[in-house]
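For reference, the structure is listed below as structure tokens.
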Amino acid sequence: MSGINANIGISIVVSAILYGTPLLFAGLGELFAERSGILNLGVEGMMLMGAVCAFWTSQKMDGPSWLVLIVAVLVGALAGAVMSLIHAFLSITLRANQIVSGLTLTIFAGIIGLSSYLGVVGNLGAQAGRHQFSDINVFGLKDAPVVGPILFHESPLVYLSWLFVILSLLYLYRTRPGLHLRAVGESPQAADAMGVNVIRYRYLHTLLGGALAGVGGAMFTLQIATNWINGLTAGAGWIAIALVIFAFWRPDLLLVGAYLFGAFLGLGYDLQARGITSIPTEFWSALPFLMTIVALVAASTGSVRRRLGAPAALGLPYAREEG
Amino acid sequence: MIPFTIRFEPRERLSRWINIWVPVAAIVLALVIAGAVLAVSGHNPFTTYQQIIQAAFTQPGAFTQTLVSTTPLLFTGLAAAVAFRMRIWNIGAEGQLYLGSIAAAGVGLYLQSLPAPIVVLAMMVSGAIAGSLWAAIPGTLRAYFNTNEILTSLFLNYVADYLMYYLIFDSTSFWRDLTSPAARVFPQGKTLAASGNWPALTIFTIAVPLGLIVAVGVSGLLWGMIRGTRYGFEMRVMGDAPRAASHAGMNIRRKIISIMFVSGAVAGLGGASQVGDFRHVLDPRGLEQAQFGYTGIVVAALARYNPISAILAALGIGVLTNAGLALQGPNFPIGLTGTMEGILLFCVLGSEIFARYHVRVHRTRKPLAAHRAGQVRPAAPAAAPVEMALTGGGEQAS
């Protein structure tokens, strides 16, 4: 009987990784945008666009499953990037208010916007998914005790996200462009004086942010839900934005946070699936949001914030002094 | 790469005309872009626009329906406007409206045997209180812990949504109808007695809901508060020059919380109006699908956070929302409403810079003589020549 408890523990970790990975992708994207000084509140909308476009591709394209899935994820990334381009143009070139522009992006692309429209146009809501990611049995170690199901039997997207976290760390802290990026977010004037093209850095990282949010959205339709439901990300984009704050804008902490909140998201489903319904469903659904608020309060108390703060120029437009 | 660079140079003086034709140009541009989206997705834009106008104004009973859509948007638009004006980003009007609906429905059901005016008044008061208390949570967290109110107010929307679902779908609460045959097939709320149905004022053939009259009254009150009171003055200072406000010794904490209170109360009133004016029942699914709170942000931004302009903006977005409901189906799925709202607001947001700056196109790597006169592109700030102060973040950088 002791095996059952161990199984529950492992299944919680497995579902934490599954539900945490879209948060990790979208959070990494937002982290890059914010590191460049651009606050993009359109993550939820970009994820939904990534989700619907990736699903559309996987339904309409013919070919071997692995190829379809790769193309679908790329299309999802492209959809997210195109959405973020709108925000980038408005907030970087036209210096519009970033908060309002990002919110508008979420409305434009979101649950009563373009993603919903595309779902209707493509008649996607009524379709069962044709292609899904399945877990890879790496080195045949799937059945190894404890670590097998956690480390060696995951979706290709999970491995991709791990790769991205490592690359992000190297990029941010070990390369010159990474240093420049941090400078652009902290003090665009100084970065400009150093000869860094502030505008280009902001555009590129906002676009990268959109692409990663699109991948996060694609994971919903290609792995987690395996079909399209209007608004299926259900707030994941917003949790990703919050994660960036309490990860103190660091990719490694973001991974921890994403899995923690992935666990909260997954817990509700797991308990229901096991027939434990003494506590109402709505409580489990609301829990990740309540926990996010608690974590945000903890992360925003003075002492912590002073130590590891946000990029100083976050949310501020940059214009070189004219004349 | 690109053979020219675009630069924005501050205008030396702001002409009156620029504040009129820039917004007009933005709206025209939005219509063109939205038309292109329609055309690409296989609709004739002219037919669609014509259908929107018919569904909003010319068909019998159409304008009454437009006002039905306008009413909640004016409440949530005002809720967002009053907070955004002070740079308090209350994204929680959605949840505050839900709480207002829950409270008003509860009070309306509980007091149903009392005379109608008392019930109606009690519903309004309870809706406003519930909304303001819900908004006070992110307000207090912002004031005392400096916690980002955008995210906390937004997360509380989800919590409020699940609370509504719990009350109607997953519990035997006071709000839920447990007796009628229809409710056994599909869970639904108890319907209010006639005493809880808010009266409508009929002018010619147009029914003006009581909620809309209240909302217009609130617009006037908020405008007067911002313009004519010490509180409003301090609020404007804090919005436009936060540093000056703290140097002047204003109690910023108290102000943040009180603004959230006001904002939440207005959104909560909108929730009460949903129950009293239109639905007569706590309807989680309907409220969730309507997304009034988020659409209110569009209204507020279009009105540039001016409570009087918000009336016009709410009417405009009400026309679009109504089209989404009236033309529902393959010709105009609900997703087009948000898409068109988004395009409109993008154009208006993007255009604000053209009212404040000249556009100069410079050839790169050429001497200054190569200046070309700046063509000012179409696109522009929102309706009404109101406070320039809070527009883009442009001023912050310089």
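Among A:GLY45, A:ILE99, A:ALA236, whose Cα sits farthest toward the positive end of the charge dipole of chain A (+1 at Cβ of Lys/Arg, -1 at Cβ of Asp/Glu, about the Cα centre)?
A:ILE99
Using the Cα centre as the reference, give the magnitude of the dipole from point charges on the C-beta atoms of the protein assembly as shown (Lys, Arg: +1; Asp, Glu: -1; all else neutral), rounded to the nearest 20 debye.
Dipole of the protein assembly as shown, to the nearest 20 debye: 1900 debye.
Using the Cα centre of chain A as the reference point, and only Cβ charges (+1 on K/R, -1 on D/E), how large is the resulting charge dipole? Debye, rounded to the nearest 20.
For chain A, the charge dipole is close to 500 debye.
Each residue of the range B:171-182 in order: what ³J(HN,Hα) in whole Hz does its phi give by Karplus 6.51 cos²θ - 1.76 cosθ + 1.60, θ = phi - 60°, with x for Gly and Pro?
Here the 3J(HN,Hα) series is 8, 10, 6, 4, 7, 8, 7, 10, 10, 5, x, 4 Hz.
Kindly provide the helix-only [θ] at 222 nm of chain A, computed as the sum of -39,500 (n - 2.57) over DSSP H runs of four or more divided by all residues, to the nearest 500 deg cm²/dmol?
-22500 deg cm²/dmol
Taking H as built 1.01 Å from N, whose amide H comes closer than 5 Å to the amide H of B:ARG176, not counting residues under 5 places away?
Residues meeting the criterion, in which the H sits 1.01 Å from N, are B:LYS190.
Which whole number gives the average count of other chain Cβ atoms within 10 Å of the Cβ atoms across peptide B:346-357?
Partner-chain Cβ atoms within 10 Å, mean over residues of B:346-357: 4.
Post the alpha-carbon centroid distance, the range B:17-77 to the range A:97-142, in whole angstrom.
The range B:17-77 and the range A:97-142 have Cα centres spaced 27 Å from each other.
Please list, or write none, the aspartates and glutamates whose alpha carbon is within less than 16 Å of the alpha carbon of B:LYS255, excluding same-chain residues fewer than 8 places away.
B:GLU149, B:GLU234, B:ASP240
Can you list the HN-Hα couplings for the range B:209-220, worked out from phi with the Karplus curve (6.51, -1.76, 1.60; θ = phi - 60°), rounded to whole Hz and with x for Gly and Pro?
Values per residue, Gly and Pro as x: x, 4, x, 5, 5, 4, 5, 5, x, 4, 3, x Hz.
So what's the gap between the Cα centers of the range A:1-77 and the range A:188-228, to the nearest angstrom?
The range A:1-77 and the range A:188-228 have Cα centres spaced 14 Å from each other.
Name the residue from B:PHE233, B:HIS280, B:LEU178 whose Cα lies farthest towards the positive end of the charge dipole of the range B:44-330, charges +1 on Cβ of Lys and Arg and -1 on Cβ of Asp and Glu.
B:PHE233
222 nm [θ] for chain B, helices only, -39500 (n - 2.57) per DSSP H run of 4+, per residue, to 500? Present the calculation step by step, with values, prior to reporting the outcome.
Details: 16 runs with 251 residues, N = 398.
Taking each H run of at least 4 residues, the total per residue is -21000 deg cm²/dmol.
Give me Rg/Rg_expected for the range B:248-352, where Rg uses Cα atoms only and Rg_expected = 2.2 N^0.38 Å with N residues.
Ratio of Cα Rg to 2.2 N^0.38 Å: 1.26.
Which value, in debye to the nearest 20, describes the size of the charge dipole of the range B:44-330 about its Cα centre when Lys and Arg Cβ atoms bear +1, Asp and Glu Cβ atoms bear -1, and nothing else is charged?
It comes to approximately 720 debye.
Using amide H atoms built in the peptide plane, which far-off residues or other-chain residues are under 5 Å from B:HIS362 H to H?
B:THR5, B:ILE6, B:ARG7
Per residue of the range B:40-52, in order, report the coupling 6.51 cos²θ - 1.76 cosθ + 1.60 (Karplus, θ = phi - 60°) as ³J(HN,Hα) in whole Hz, putting x for Gly and Pro.
Residue by residue, the range B:40-52 yields 4, 8, x, 10, 7, x, 5, 4, 4, 4, 4, 4, 4 Hz.
I'd like the projected area of the range A:1-105, averaged over all directions, using the convex hull of its alpha carbons. Report it in nm² with one decimal.
9.3
Per 20 Å bin, what percent of the C-alpha pairs of chain A does each bin hold, from zero upward?
Cα pair-distance distribution for chain A, in percent: 32, 57, 11, 0.
Placing +1 on the Cβ of each Lys and Arg and -1 on the Cβ of each Asp and Glu in the protein assembly as shown, which of B:VAL37, A:GLY63, B:ILE20 has its Cα farthest towards the positive end of the resulting dipole?
Farthest towards the positive pole: B:ILE20.
Which number comes out as Rg/Rh for the range B:2-78 once both Rg and the Kirkwood Rh are worked out on C-alpha atoms?
1.14
Kirkwood Rh, the protein assembly as shown, all Cα pairs: how many Å? Intermediate results must be reported in sequence, preceding the final value.
On the way: mean 1/r = 0.0378 Å⁻¹.
It is 26.4 Å.
Taking the Cα atoms of the range A:61-119 alone, what are Rg (to one decimal) and Dmax (as a whole number) in Å?
In Å, with Rg to one decimal and Dmax whole: 14.6, 45.
Starting from the 7 Å offset along Cα-to-Cβ, what nm value, one decimal, do you get for the label separation of B:ARG227 and B:THR64?
3.4
How crowded by other chains is A:283-293, given as the mean number of beta carbons from other chains within 10 Å of each beta carbon? Before the final figure, lay out the partial values.
Numbers: counts 5, 1, 6, 10, 2, 2, 11, 5, 1, 5, 11.
Mean shielding by partner chains, rounded to a whole number: 5.
Between B:ARG11 and residues 5 or more places away or on another chain, which pairs have amide H atoms under 5 Å apart, with H built 1.01 Å from N, and which residues are they?
B:TYR357, B:HIS358
Can you give me the Rg/Rh ratio for the range B:130-206, using Cα atoms for both radii and the Kirkwood formula for Rh? Display every interim value, and only then the final one.
On the way: Rg = 18.4 Å, Rh = 15.7 Å.
Using only Cα positions, Rg/Rh for the range B:130-206 is 1.17.
Taking 8 Å as the Cα distance limit and 6 or more residues as the minimum spacing, I'd like the relative contact order of chain B as a percentage.
On the way: 726 pairs, mean separation 131.6, N = 398.
Computed over chain B, the figure is 33 percent.
To make sure I understand, if each residue's beta carbon is the centre and we count other beta carbons within 10 Å, what order do A:PHE25, A:PHE264 fall in, fewest to most? Could you put the intermediate results ahead of the total?
Values: A:PHE25 29, A:PHE264 20.
Ordered from fewest to most neighbouring Cβ atoms within 10 Å, A:PHE25, A:PHE264 come out as A:PHE264, A:PHE25.
Note the direction-averaged projected area, equal to a quarter of the hull surface, for the Cα convex hull of the range B:44-330, in nm².
If you wrap the Cα atoms of the range B:44-330 in a convex hull and average its projections, you get 16.8 nm².
Taken together, the values in this text are just the output of simple stated rules run on the coordinates, not laboratory data. Being a predicted model, the structure only gives us computed values, none of them experimental. No Cβ is skipped: glycine too gets one built from the backbone with ideal geometry, and neighbour counts run over all protein chains shown.
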